[in-house]
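The values are calculated or read from the model by the stated rules, or taken from the named source; none is laboratory data. Worth saying up front: this structure is predicted, and the values here are computed from it rather than measured. Methodologically, a virtual Cβ is constructed for each residue, glycine included, from the backbone with ideal geometry; neighbour enumeration extends over all protein chains shown.
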Amino acid sequence: MRFMRTNEIPLEILESSLKRVLVVDDDPQIASLMNDVFGDDGRFEVRVVHTGYDAGLETERFKPHLIVLDYMLPDINGNIVCERVRSSEVHQDTRILCVSGVIEADEVEGLMDSGADDFMKKPFDLRELISRVESLLDMTHRSAG
């Protein structure tokens, strides 16, 4: 890093290789599972929060490329988080993948109208989750093996 600074090489080059993912889910087991899946992948830097309020704070601090957002949070629902992220010029390029096990079709439509980029119904296959994330972040698919 000292070499890079001395030679005026931008440090963002190092940081840009990892995609920042913010997981927002009040279920500790699901949050932990997603943390492990993204963390073990090697292509992501992961942070986990459990409320919509914390999602707002961490979005400002962490500046995630992607938010994996549980629709049903203890304090506010996913629509409000989506609207707040979308109302910020800084986060216009942040992708939002909503997940929920208890949601009706019209609520999914409302989520998309609020600014969500994609939706997955719980329970979901972890390979499908990674595939959707790769697609949302324009990443090349990593082959298994």
Name every residue in the range 121-136 that is farther than 15 Å from A31 by Cβ and crowded, with 17+ Cβ neighbours inside 10 Å, in order of residue number. I130, R132, V133, L136
The listed residue being in contact with a helix residue (DSSP H, G or I) (Cβ under 8 Å, 6 or more places away or on another chain), farther than 20 Å from E134 by Cα and of a type in the set (D, E, K, R), out of E83, E89, E58: E83
Can you tell me how many residues within the range 1-42 are at pLDDT 85 or above and in a loop (DSSP other than H, G, I, E, B)? 5
Only one of (1) more than 21 Å from F119 (Cα to Cα); (2) in contact with a Leu (Cβ under 9 Å, 6 or more places away or on another chain); (3) of a type outside the set (S, T, N, Q) fails for L18. Which number is that? (2)
Could you check, for the range 48-59, whether at least one of its residues is in contact with a Cys (Cβ under 9 Å, 6 or more places away or on another chain), β-branched (V, I, T) and either in contact (Cβ under 8 Å) with a residue 40 or more places away in the chain or crowded, with 16+ Cβ neighbours inside 10 Å (or both)? no
Taking the range 83-103 as the search range and keeping residues that are buried (at least 17 other Cβ atoms within 10 Å of the Cβ) and of a type in the set (D, E, K, R), which one is farthest from the chain's Cα centre (by Cα)? R84
Looking at the range 75-92, can you tell me whether even one residue there is touching a Ser or Thr at 6+ places or on another chain (Cβ under 8 Å) and among the acidic types (D, E)? yes
Determine the pairs where a residue that is under 14 Å from A55 (Cβ atoms) and exposed (fewer than 14 other Cβ atoms within 10 Å of the Cβ), located within the range 14-38, has a partner that is of a type outside the set (V, I, T) and modelled with pLDDT of 95 or more with Cβ atoms under 6 Å apart, the partner being 6 or more residues away or on another chain. none
I80 versus (1) crowded, with 18+ Cβ neighbours inside 10 Å; (2) within 24 Å of G110 (Cα to Cα): which is the lone unmet condition? (1)
